[in-house]
Amino acid sequence: MSDLRPHLLKRGPLLLTALLLCALPFYLDAFWLRIGLFSMAAAIGAVGLGLLSGTAGQLSLGHAFFLAVGAYGYVWLAGEPGPGLPPAVAAVLAVLLAGAAGGLFSPVAGRVKGIYLGVATLALVFLGHHVLLTADSVTGGFNGRSVPPLELGGFTFAESDPELTVLGVPFGVEERLWYLGLALFAVTWFTARGLLRGRPGRALVALRDSETAASVMGVHVARYRSTAFVVSSMYAGLAGVLLALSFRRVVPDYFSLALSVDYLAMIVIGGLGSVAGATAGAVFVTALPLLMTRYADQLPLVAAPGSGDGSIGPTEASRYLYGAAIVVILLYAPDGLHGLARRTRARLRRRPSAPQPPGTGPVPAAAAASAASDTTARAKEHTP
Amino acid sequence: MTGFLDSLLNGLALGSVYALIALGFVTIFKASGVLSFTHGSLLLLGGYLVAVLHDDIDFAGALAVAVLVTAAVAGALDRLVLQRVGGTDPHAAHVQTIVTIGIDIVLVTDLARRIGGDLLPLGDPWGSAVTDLGPVTVADSRIAAILVSAVAIGGAFALFRFTPWGLSLRAAAEDREAAALMGVRLTRVRTAAWCLAGALAALAAVFLVAFPAPGLERTTGQIALKAFPAAILGGMTSPVGALVGSMLIGLTEAFVAGYQSDLHVLGEGFGDVAPYAVMVLVLLVRPAGLFAAKGAARV
């Protein structure tokens, strides 16, 4: 028992959170479940973008394009017109398709670096949007297409078929998709953390901090850059599939530049280069406009949607807020929510211990962590 | 043949407007290493000011006020917000680039809210007048765009070449540290660069929404993004490259739109996205752009 306890203590918060998340569908109504669902999808996408922009230091504004590839890929592969594959197969293929799209872009992604890549990926969003609008037979044009529900071994993620009631709670679309989203998010969480803490993560961080030094240490620059791009697009594709399933209809105008900027906002607000941060940022950016819309009548300064020109609607209010959040966070807490949480934790942990002599600064672990996050905030580049 | 000449003139007019914006990008990038994503909102701000003011004071006065105010706003953004994130340190340029995205979100949201769903006329003196130039008919606004851009760009180049500020800017772009040691005030140089870029963006706004276009709308700012491919094609650090890139982009867009019927494989409205296609193609061959200085990494 004694060697189990530290293990439990370490894993405890994680287990507790997982249990809590599993229990939520029994207590929340569809509105909150939808918020959660969109947040989970956004979190998967944001973790992918975090790998690329936070860890590898490659700015990408093309995330909306890969989300679109995932979403539309699933809809086309699983639906009519289209091959009409089994939905589960279509979902897997859609993720691979998004990865392949990232791979096709890798001749550019591997060689163009930093903020240049941000501009190059702008092209993807605009070209992709154009294709979505014009390739009617595949994408349904301006009006988009409806999304066929996912099926897994006879179980459908839809309102019925089979009817399902667990502990007196009827399981509709939101409840079923909630568990699907949770499972997919768990996969994302563990794979992304594994990647970041393993050899690839270290290589990418080295690459971000100094390209020359990294290549001297044996990091294959172009290969790692394009791999990061491909992996990030696959996460985006997965997020796209989940988004399509939760929206039940995909339209081209959703996958615009504004969506890419939203994802960038998520990882900046959450703290670059951290999986937990990206998740927190995703929840913040996704839930804010929805909550504001719901509670518009109770908020000061915010008018109900469509109440005339010149008033601040909930969508605008939330855009003001997170636009300002990006600026404020980068001004005062460059490591985002994640860094704030870690510093608070370090401070709480320090307080009970013996008083330190003035000037020694934070505990070594925290110091090392904050040093690491400094480099996260300022991606270094050695150019003449 | 007239179709060809039409497209050529359209392309030149469009290219010269993009050149105004792209020159702003390049100036800012040379001075601070920041890619300014606020340009869309600065452009929108300039256009909005002209649209609101031209009834009270005449068009020329409104334009002058808009150019000055936009320049001041751009300078203030750099001095009061961007320079607080790491100052003039080149390593902070990435973070500052992301800050410009945040500023852009706030500004665009606010301006779009004020503009609403309307199309605002700018009250420019050219209206819908046209001139016959031999076989082709050109909108006066297009001729004005080419002439005014030529003058403004010539002026900017003269600033780079003949003023102390231009010398400081070029020195800072060449070697920041050495320039600082020689007494160049980096903060002032870059704030002035932002002001110049803001003024150029406000000027560009007027021609972007003049006659063939319907008027200022909430999405006008997005057009500024098309100057990104122009600046990237030129290699980001070269003003001449930005000019060439802008012309290339403008001509591509005009020709694709002009010969739309022959290019219907590419779909309706491909002209709007053609600049991006050109950019991807060029980046495939030359990842650093057409006119970039050869880079050498020092450890």
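Residue count for the stretch A:101-142, restricted to those that are in a loop (DSSP other than H, G, I, E, B) and either under 21 Å from the mean Cα position of the chain (by Cα) or within 8 Å of chain B (Cβ to nearest Cβ) (or both): 5.
Please verify whether the stretch B:163-173 includes one or more residues that are within 14 Å of chain A (Cβ to nearest Cβ) and either in contact with a helix residue (DSSP H, G or I) (Cβ under 9 Å, 6 or more places away or on another chain) or among the polar types (S, T, N, Q) (or both). Within the stretch B:163-173, one or more residues are within 14 Å of chain A (Cβ to nearest Cβ) and either in contact with a helix residue (DSSP H, G or I) (Cβ under 9 Å, 6 or more places away or on another chain) or among the polar types (S, T, N, Q) (or both). Of the helices (runs of 4 or more DSSP H) that lie entirely inside the stretch B:31-127, those containing 1 or more residues that are facing chain A (nearest Cβ under 8 Å), surrounded by 24 or more Cβ atoms within 10 Å (Cβ to Cβ) and free of Cβ contacts under 8 Å to residues at least 40 places away in the same chain span B:93-115.
Picking from residues in the stretch B:138-168 that are closer than 24 Å to residue B:5 by Cα and without any contact (Cβ under 8 Å) to a residue 24 or more places away in the chain, the one that is surrounded by the most Cβ atoms within 10 Å (Cβ to Cβ) is B:147.
Would you mention how many residues in the stretch A:327-350 are within 14 Å of chain B (Cβ to nearest Cβ) and either under 13 Å from residue A:288 (Cβ atoms) or of a type in the set (D, E, K, R) (or both)?
Looking only at that region, the number is 1.
Per-residue answers, yes or no, for (1) touching a strand residue (DSSP E or B) at 6+ places or on another chain (Cβ under 8 Å); (2) within 12 Å of chain A (Cβ to nearest Cβ); (3) surrounded by 20 or more Cβ atoms within 10 Å (Cβ to Cβ); (4) part of a helix (DSSP H, G or I):
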{"site": "B:203", "(1), (2), (3), (4)": "no, no, yes, yes"}
{"site": "B:223", "(1), (2), (3), (4)": "no, yes, yes, yes"}
{"site": "B:226", "(1), (2), (3), (4)": "no, yes, yes, yes"}
{"site": "B:242", "(1), (2), (3), (4)": "no, no, yes, yes"}
{"site": "B:248", "(1), (2), (3), (4)": "no, no, yes, yes"}
{"site": "B:257", "(1), (2), (3), (4)": "no, no, no, yes"}
{"site": "B:277", "(1), (2), (3), (4)": "no, yes, no, yes"}
{"site": "B:283", "(1), (2), (3), (4)": "no, yes, yes, yes"}
{"site": "B:288", "(1), (2), (3), (4)": "no, yes, no, no"}
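Scanning the stretch A:180-211 for residues that are part of a helix (DSSP H, G or I) and free of Cβ contacts under 8 Å to residues at least 12 places away in the same chain gives A:183, A:187, A:190, A:191, A:194, A:197, A:199, A:202. Inclusion of residue A:207 among residues that are within 14 Å of chain B (Cβ to nearest Cβ) and buried (at least 24 other Cβ atoms within 10 Å of the Cβ) is warranted.
Looking only at residues in the stretch B:187-234 that are aromatic (Phe, Trp, Tyr) and farther than 18 Å from residue B:144 by Cβ, which one is modelled with the lowest pLDDT? Restricting to residues being aromatic (Phe, Trp, Tyr) and farther than 18 Å from residue B:144 by Cβ, the top hit is B:228.
For the stretch A:219-229, check the following and say yes or no: at least one residue is hydrophobic (A, V, I, L, M, F, W, C), within 29 Å of residue A:177 (Cα to Cα) and at pLDDT 80 or above. Within the stretch A:219-229 (the criterion being hydrophobic (A, V, I, L, M, F, W, C), within 29 Å of residue A:177 (Cα to Cα) and at pLDDT 80 or above), the answer is yes, since at least one residue qualifies. Please indicate, with yes or no, whether at least one residue in the stretch A:296-309 is modelled with pLDDT of 75 or more and surrounded by fewer than 23 Cβ atoms within 10 Å (Cβ to Cβ). Within the stretch A:296-309, not a single residue is modelled with pLDDT of 75 or more and surrounded by fewer than 23 Cβ atoms within 10 Å (Cβ to Cβ). Of everything in the stretch B:270-299, what is at pLDDT below 70 and more than 17 Å from residue B:231 (Cα to Cα)? Give them in sequence order. Across the stretch B:270-299, the qualifying residues are B:295, B:296, B:297, B:298, B:299.
Would you check if residue B:185 is over 27 Å from residue B:205 (Cα atoms) and either within 14 Å of chain A (Cβ to nearest Cβ) or in contact (Cβ under 8 Å) with a residue 40 or more places away in the chain (or both)? No.
Whether any residue in the stretch A:39-53 is within 14 Å of chain B (Cβ to nearest Cβ) and over 30 Å from residue A:174 (Cα atoms) is what I want to check.
Yes, the stretch A:39-53 contains at least one residue that is within 14 Å of chain B (Cβ to nearest Cβ) and over 30 Å from residue A:174 (Cα atoms).
The condition of being of a type in the set (Ser, Thr, Tyr), over 18 Å from the mean Cα position of the chain (by Cα) and within 9 Å of chain B (Cβ to nearest Cβ) does not hold for residue A:74.
Checking the stated criteria, residue A:257 turns out not to satisfy the condition of being in contact with a helix residue (DSSP H, G or I) (Cβ under 9 Å, 6 or more places away or on another chain) and farther than 21 Å from residue A:109 by Cβ.
For the stretch A:45-86, a residue qualifies if it is more than 23 Å from residue A:144 (Cβ to Cβ) and among the hydrophobic types (A, V, I, L, M, F, W, C), and the qualifying residues are A:46, A:47, A:49, A:51, A:52, A:56, A:59.
The values are calculated or read from the model by the stated rules, or taken from the named source; none is laboratory data. As the structure is a prediction and not an experimental result, all values here were calculated from the model. Counting neighbours? That spans all protein chains shown, and the Cβs are built from the backbone with ideal geometry, glycine included.
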